[in-house]
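Take a look at the structure set out below.
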């Protein structure tokens with residue numbers, strides 16, 4: 001996991017973005033798993049990232065079953081502090097076009 005984080009930091013640095021506080025992917029994975037009661041894994045069975053669509057779809061399925069505090073924490077992890085509400089999660093049914 002360290003290698004992935006270092007690659008991400010390098011990519012962010014090339015883009016001129018801050019990378020000092022980039023959390024490790026394994027820490028983020030653990031937080032998401034804990035907040036969704038083990039229902040959302042950002043990795044597939046081969047340890048590759050699932051698509052953003054798949055991750056958000058899984059979160060949407062458990063969203064109403066987790067506490068508001070956990071929702072707020074999860075939202076901050078996946079969208080940052082500036083997003084006031086996660087419209088995508090609340091309106092996931094409109095994205096089900098597969």
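Looking at segment 26-54 only, could you name the residues that are outside any loop (DSSP other than H, G, I, E, B), closer than 12 Å to residue 78 by Cα and in contact with a helix residue (DSSP H, G or I) (Cβ under 8 Å, 6 or more places away or on another chain)? So that I can check it myself, show each step before the final result.
If we filter segment 26-54 for residues that are outside any loop (DSSP other than H, G, I, E, B), which is where we start, we get 26-35, 43, 49, 52-54.
Pick out the ones that are also closer than 12 Å to residue 78 by Cα and you get 28-29, 31-32, 35, 52.
Once the filter is applied, which keeps residues that are outside any loop (DSSP other than H, G, I, E, B), closer than 12 Å to residue 78 by Cα and in contact with a helix residue (DSSP H, G or I) (Cβ under 8 Å, 6 or more places away or on another chain), segment 26-54 yields 28, 31, 32, 35.
Sort out which residues of segment 68-98 are farther than 25 Å from residue 25 by Cβ and at pLDDT 90 or above, and write them in order of number. Spell out the reasoning first.
Residues of segment 68-98 farther than 25 Å from residue 25 by Cβ: 68, 84-85, 87, 90-91, 93-94, 96-98.
Within segment 68-98, 68 is the sole residue that qualifies.
Any residue at all in segment 8-25 that is modelled with pLDDT of 90 or more, surrounded by 15 or more Cβ atoms within 10 Å (Cβ to Cβ) and closer than 17 Å to residue 80 by Cβ? Looking for residues that are modelled with pLDDT of 90 or more, surrounded by 15 or more Cβ atoms within 10 Å (Cβ to Cβ) and closer than 17 Å to residue 80 by Cβ, one finds none in segment 8-25, hence no.
The values are calculated or read from the model by the stated rules, or taken from the named source; none is laboratory data. The shown structure was predicted, so the numbers you read here are calculated from the model rather than taken from an experiment. We place every Cβ from the backbone using ideal geometry, glycine too, and count neighbours over all the protein chains shown.
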